[in-house]
Amino acid sequence: MVAVPAASGYGFQGLHATVSWALCAFLSALEPMLGSRRLTESSTPSPSDAGAPPDESALVARLRGGEEEAFALLVRAHGGRLLATARRFFGCEDDARDAVQDAFLSAHQALAAFQGQARLSTWLHRILVNCCLMKLRSRRRRPEESLEGLLPVFDETGHEARPSRPWEPLEDEMARRQACALVRSLIGQLPESYRTVLLLRDIEELDTAQAAELLGISENAVKIRLHRARQALRALLDPHRKGLPS
Amino acid sequence: MTRWITCRELIDFLWRYLEGEVSEEERLEFEYHLARCPTCVAYMNSYKETVSLGRAAFEDLEAPAPPEVPEDLVAAILTARRSLPG
């Protein structure tokens with residue numbers, strides 16, 4: 001474990017002191033495996049996905065040389081996107097900013113091990129997700145939050161107590177965009193442990209094994225928690241989408 | 001003879017069916033039930049749409065230029081970096 005000097009900013013001292021060099025090694029080992037669609041940022045590999053493009057290699061070289069200007073360039077180029085991702089994990093803006101700061105500092109320390117097999121954006125994104133998870137873990141352990149009221153209820157014969165009805169189709173692109181905005185808001189209402197699994201599997205598109213490793217739970221627990229999270233999100237959406245007669 | 005599973009069994013294990021993690025016999029049981037239960041079909045379709053909307057919800061945000069990072073956060077990160085060893 002590396003003790004990192006205190007610094008001003010967004011809670012840097014608290015979390016970053018827990019970031020070990022082992023994390024840097026872990027991230028480097030993961031670099032060639034960053035295979036999910038979200039993490040590679042494109043479902044169709046482009047020639048540039050095969051390695052860092054020339055301008056990125058030059059930036060990496062400057063970063064390794066310790067140029068502060070290059071580091072500032074990196075933060076300005078990628079910080080906004082990373083902050084948007086961190087906000088999905090945290091309801092609190094300060095927590096999201098803390099995670100972004102921790103991610104850039106972890107990246108700075110791991111640069112020597114960056115081999116350029118993934119794009120910088122992909123690599124930084126993965127570091128950010130790790131920092132978000134570490135921050136969530138560092139909080140005081142709380143009992144598993146309840147999804148009571150958001151999971152289906154069945155009668156003694158195994159039928160739904162409140163039978164599901166088909167949803168109205170989304171008529172046009174505007175309706176779909178509004179539904180997407182609603183979903184973003186509703187995901188924020190899910191209890192943290194369920195929201196995190198949903199983000200990792202459905203939004204970040206990690207596979208079950210990767211999510212299980214990052215969360216420190218079994219693959220089966222990931223699958224069950226994801227199913228419940230989707231069921232709960234469905235239940236939250238239901239009053240907004242129900243409409244067709246049964 | 002295909003076994004009749006309950007709505008509860010179908011909904012509790014829907015993820016296994018949708019992920020293709022069921023045996024051939026179980027798949028037939030799911031499909032036998034779905035062919036006769038419009039309530040479970042409605043549930044399954046809304047579940048699938050929920051997953052689809054969840055994925056689309058954040059793709060929308062990433063299509064245009066990424067949002068700018070606040071300057072005070074940039075400054076905090078640069079200050080923190082200066083205090084790192086090496």
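Using the Cβ-Cβ distance between residue B:72 and residue B:26 with R0 set to 41 Å, the FRET efficiency from 1/(1 + (r/R0)^6) comes to roughly 0.15. The amide H of residue A:154, built 1.01 Å from its N in the peptide plane, has A:161 as neighbours under 5 Å, considering only residues 5 or more places off or on other chains. A Förster radius of 22 Å, combined with the Cβ-Cβ distance separating residue A:57 from residue A:219, puts the computed FRET efficiency at roughly 0.05.
Ordered by the number of other Cβ atoms lying within 10 Å of each residue's own Cβ, fewest first, A:197, B:51, B:69 fall into the sequence B:51, B:69, A:197. On the basis of the beta-carbon distance and an R0 of 41 Å, residue B:16 and residue A:94 show a calculated FRET efficiency of 0.55. Restricting chain B to trypsin sites (Lys or Arg not before Pro) that sit in a DSSP loop and have at most 10 other Cβ atoms within 10 Å of their own Cβ leaves B:36. Note on region A:86-198: percent of Cα-Cα distances in each 5 Å bin, starting at 0 and stopping at the bin with the largest distance, equals 2, 9, 13, 14, 14, 14, 11, 10, 6, 4, 2, 1, 0. Taking other C-beta atoms within 10 angstrom as a stand-in for reagent exposure, B:2, A:157, A:196, B:39 fall in the order A:157, B:2, B:39, A:196, fewest first.
Here region B:7-82 is treated with +1 on each Lys and Arg Cβ and -1 on each Asp and Glu Cβ, and its dipole about the Cα centre works out to around 180 debye.
Under the classification rounded if a/c is under 1.5, otherwise prolate if a/b is larger than b/c and oblate if not, where does region A:145-246 fall, given a ≥ b ≥ c as square roots of the Cα gyration tensor eigenvalues? Judged from the Cα gyration tensor, region A:145-246 comes out oblate (a/c at least 1.5, b/c at or above a/b). Peptide B:38-47 shows a mean partner chain C-beta count of 6 within 10 Å per residue C-beta. By the rule of a C-alpha distance below 29 Å, with chain neighbours fewer than 8 residues away ignored, the lysines paired with residue B:48 are A:223, A:242. Sparse packing (at most 14 other Cβ atoms within 10 Å of the Cβ) combined with a DSSP loop state is found for the following trypsin sites (Lys or Arg not before Pro) in region A:113-174: A:139, A:140, A:141. One Cα centroid belongs to region A:65-98, the other to region A:99-149; the line between them spans 11 Å.
For the residues A:174, B:44, what sequence is obtained by ranking on other C-beta atoms within 10 Å, fewest first?
A:174, B:44
With viscosity set to 1.002 mPa s and temperature to 20 °C, compute the Stokes-Einstein D of chain B, Rh being the Kirkwood radius across alpha carbon pairs; µm²/s, no decimals.
The estimated diffusion coefficient comes to 126 µm²/s.
Simple spin-label estimate for residue B:41 and residue B:82 gives 6.7 nm between the two label positions (7 Å along the Cα-to-Cβ direction from each Cα).
Taken together, the values in this text are just the output of simple stated rules run on the coordinates, not laboratory data. Just so it is clear, the model here is predicted, and its values are computed rather than measured. Heads up, the Cβs are rebuilt from the backbone with ideal geometry, glycines too, and the neighbour counts pull from every protein chain shown.
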